[in-house]
Amino acid sequence: MLRPESPSAAQPVQPPRRPLRLDAALLFRAGPEIEIVQGEAVYRLRRTKAGKLILTK
């Protein structure tokens, strides 16, 4: 007969990880556009003159 695990035997709950945070100035130090490659796809992240970010495929 199987017994359910007791709460004390369960794995401890890990707090959620914080996402990686990068300063946009670091990303755009070479110019107003960067390319991001994921698998076979290439995305372009562009900073507008108004300071907004636009991601396109």
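If you go through the stretch 25-49 and keep only what is among the aromatic types (Phe, Trp, Tyr) and in a strand (DSSP E or B), you end up with just Tyr43. Of the residues making up the stretch 28-42, just one is under 14 Å from the mean Cα position of the chain (by Cα) and surrounded by 10 or more Cβ atoms within 10 Å (Cβ to Cβ), namely Ile36.
A short reminder: the numbers here are calculations on the coordinates, not readings from a lab. Only a predicted model underlies this, so the values are computations on that prediction, with no experimental measurement involved. Ideal geometry is used to build each Cβ from the backbone, glycine not excepted, and the neighbour counts take in all protein chains shown.
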